[in-house]
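Take a look at the structure set out below.
The values are calculated or read from the model by the stated rules, or taken from the named source; none is laboratory data. Values in this document were obtained by computation on a predicted structure and should not be read as measured data. A quick note on method: Cβ atoms are made from the backbone with ideal geometry, for glycine too, and the neighbour counts reach across all protein chains shown. With ligands, DNA and RNA removed, areas are computed over all heavy atoms of the protein, side chains included. Shrake-Rupley method; radii C 1.70, N 1.55, O 1.52, S 1.80 Å.
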Amino acid sequence: MSTAIAPVENLSAAQLDQLCINTIRTLSIDAVQQANSGHPGTPMALAPLVYTIWNRVLHFDPQDPIWPNRDRFVLSNGHASMLLWSALHLTGVQAVNADYETLGQPSVTLDDIRHFRQLNSKAPRHPEYHWTSGVEATTGPLGQGVATSVGMAIAEKWLAHRYNRPGFEIFNYNMYTVCGDGDLMEGVASEAASLAGHLGLDNLCCIYDNNHITIEGNTRIAFTEDVQTRFIAYGWNVLRVGDANDIDRIEQALEIFRKTKGRPTFIVLDSHIGYGSPHKQDTAAAHGEPLGEDEVRLVKRVYGFPEDKKFFVPDGVYDHFTAGIGKRGAEDRRKWAELFESYRSQYPDLAVEVELMQKRELPTGWDRNLPVFPADAKGIAGRDASGKVLNVLAQNIPWFLGGSADLGPSNKTLFTYPGAGDFQADTPEGKTLHFGIREHAMAAIVNGLSLSKLRAFGATFFIFSDYARPAIRLAALMELPSIFVFTHDAMGDGEDGPTHQPIEQLVSLRAIPGLITLRPGDANEVVEAYRFIMQLRHQPAVLALSRQPLPTLDRKKYAPASGVAQGAYVLADAPGGNPEVIIIASGSEVSLAIAAHETLLAEGIRSRVVSMPSWEIFEHQSQAYRDSVLPPNVKARVAVEQGSILGWDRYVGNSGRVIGMNTFGASAPLKELQKKFGFEPNQVVVAAKEQLKNG
Ligand SMILES: Cc1ncc(C[n+]2csc(CCOP(=O)(O)OP(=O)(O)O)c2C)c(N)n1
Ligand SMILES: [Mg+2]
């Protein structure tokens, strides 16, 4: 038996809506079945929601998916990616390249959907930002989408306040974020939701797919709290739509969201996973397995779709999306472009800022007045130098902002210049963000700010980079220039003891593909590190900064700190070059290496010190440059770094020596720790001599 669909001209408006919804459902089901793996159940349940948001509500022009004032849609339950691929395909979203140009090609073709989860398909397993145009944030690790959306909502508030002028609402977009039980079990979403409530982000709407099902079965096994009440307590406006198929009710709830001021909106949407499947609806089996060919036929029968057709888009469906989101979005964008043109003539400087930002470019003069630190044996802490640099950069780059997870005074990340201000609900122009003690959400929020084209940083102690790591990883995966400022980078906080002393953090961050880590050796290296980081457009960066003062090296005697831009450079050398032993160091160990070097020189040993703040940057230099810094024929090498020794053999070779950490630290004054763990000039000298002897 096969169902025929009535000709489009015979369909009522409601039937046409239903046809579109069922097309989203069947495309999703067919793609999962074809791939023989995936998640059909949630797309089946949430197709009406996605249809309503996209075709009735979203101010988004499929012809230009990066138009700055578009509404943003984030699918935090990224396992239901087929919802997004269906929406992007059916609405005809266009592809955009890395230079922000539209290509005149669809972002997701029907063929991509046929090749769901296959190599090179634009319909990969999870939504991936920068791989598929129209994806606003990479999601899949549950909770991240919710937290990232909070960052995007903060960004809108900041942008609106800076750039809107009477009669010129340049920014007034909304965030629509869909999430599931899994997202709301995750701490990161709770952290972010708490902050969103505090900040009263009324441009943020979270729709919760309340289906009581996760992988292991019914949520009664692990998740029985009253989620609605929790969100009320966070300060959100909470609404409920009792039937996920009731698109008019959904539309009404979204309208209430748009009218609600001073609070974010949380819509509980009661749904049935696998809706329409006679044998799998409301079961965990519908979550992550294909329905099976027989069940697919039954489901299509329920939806009134032909059972034998696959990847079927009935007549009238594309047109209906064109008449809905297509028409509305084109009109929105046209009006905005007109508005922006007259804005440009009235506020040329602000218009330039908006445009530069969109391309991740920096304003002219962004690096003026960066400090130069004079040689000083007593020196200055990395964090203090960083604080000075941050305050200069924030004044030069209007859209550079950030903050700490309650450690601002300690991280030295507070903006203290007149007029900087705090970002709060009633002061959305503020440049200092207060994330509260929520490192994980902080990092995801920084990603949301970066996705919104602001330059943003988050800060905490280096040890707590672990609490932020999943979002740092996503920044790298999304190719976002998020900045993470981590202070107390080693044992400099002595008495704080092993709970606070980073060991494996550096190497574990160095292991994240695409992430730039930098551990500067003195104040001028801090300046150069920021100079490098600020010019990154598609890579995140982590700064590991000292708590304690580090001697400011005499750059007339030693090489200039601009070598930081090469990742590693010859800081001090044997007279005339041609070293017999090389000491490689980063951060607080650079001055230690210099002290050892001076002793060795005095004893007639031809040593070289290589300052290596960044492995990743160094790895990007030419072989010739790398060989000039670390000549292959010089085998006597010592690396010194207050962190895990893991990985340093890459630079010292099999026979080299690494003075680093094999264990956790200890609670004691720094001097005693340096002695206990071998971070003293004399011990470096001994190691260098041993190296020479063994060589
Ligand atoms: C951080 C994280 N942990 C675990 C997973 C694996 N995972 C993917 S979906 C899922 C269940 C999600 O349940 P829910 O959000 O209710 O989605 P539904 O099945 O209702 O679509 C899990 C545990 C993940 N993607 N991310
Ligand atoms: Mg669920």
Do we have ASN203 as away from ligand 2 (no atom under 16 Å from the Cβ) and either in contact with an Asp or Glu (Cβ under 9 Å, 6 or more places away or on another chain) or farther than 30 Å from ILE24 by Cα (or both) here? yes
Filter the range 560-618 for residues that are of a type in the set (S, T, N, Q), farther than 20 Å from VAL658 by Cα and in a loop (DSSP other than H, G, I, E, B) and give the result. ASN578
Residues in the range 28-66 that are away from ligand 2 (no atom under 16 Å from the Cβ), open to solvent by 10 Å² or more (accessible area, probe 1.4 Å) and not in a helix (DSSP H, G or I): how many? 6
Scan the range 228-253 and report the pairs whose first residue is without any contact (Cβ under 8 Å) to a residue 12 or more places away in the chain and whose second residue is buried (at least 16 other Cβ atoms within 10 Å of the Cβ), with Cβ atoms within less than 6 Å and a gap of 6+ or a chain change. ILE232/VAL238; ARG249/VAL241
Starting from the range 164-176, keep only residues that are free of Cβ contacts under 8 Å to residues at least 12 places away in the same chain, then list their pairs with residues that are assigned to a loop (DSSP other than H, G, I, E, B) and among the aliphatic types (A, V, I, L, M) whose Cβ atoms are within a distance under 6 Å, requiring at least 6 positions of separation or different chains. ASN164/ILE170
Filter the range 263-277 down to residues that are within 36 Å of the chain's Cα centre (by Cα), buried (at least 22 other Cβ atoms within 10 Å of the Cβ), part of a loop (DSSP other than H, G, I, E, B) and within 16 Å of ligand 2 (Cβ to nearest atom), then give me how many there are. 4
Please work out if PHE464 is over 23 Å from GLU361 (Cα atoms), surrounded by fewer than 24 Cβ atoms within 10 Å (Cβ to Cβ) and either free of Cβ contacts under 8 Å to residues at least 40 places away in the same chain or among the aromatic types (Phe, Trp, Tyr) (or both). yes
Within the range 160-176, is there a residue that is more than 16 Å from ligand 2 (Cβ to nearest atom) and either in contact with a Gly (Cβ under 7 Å, 6 or more places away or on another chain) or over 30 Å from GLU353 (Cα atoms) (or both)? no
Matching entry among THR148, THR177, THR132 (being open to solvent by less than 10 Å² (accessible area, probe 1.4 Å), in contact with a Pro (Cβ under 8 Å, 6 or more places away or on another chain) and among the polar types (S, T, N, Q)): THR132
Which of the residues spanning the range 295-311 are open to solvent by 50 Å² or more (accessible area, probe 1.4 Å) and touching a residue at least 60 places away in the same chain (Cβ under 8 Å)? ARG301, ASP308, LYS310
Is it fair to say THR139 is within 16 Å of ligand 2 (Cβ to nearest atom) and within 30 Å of GLU439 (Cα to Cα)? yes
Which of the residues that make up the range 636-695 are of a type in the set (Asp, Glu), more than 18 Å from ARG608 (Cβ to Cβ) and open to solvent by less than 70 Å² (accessible area, probe 1.4 Å)? GLU680
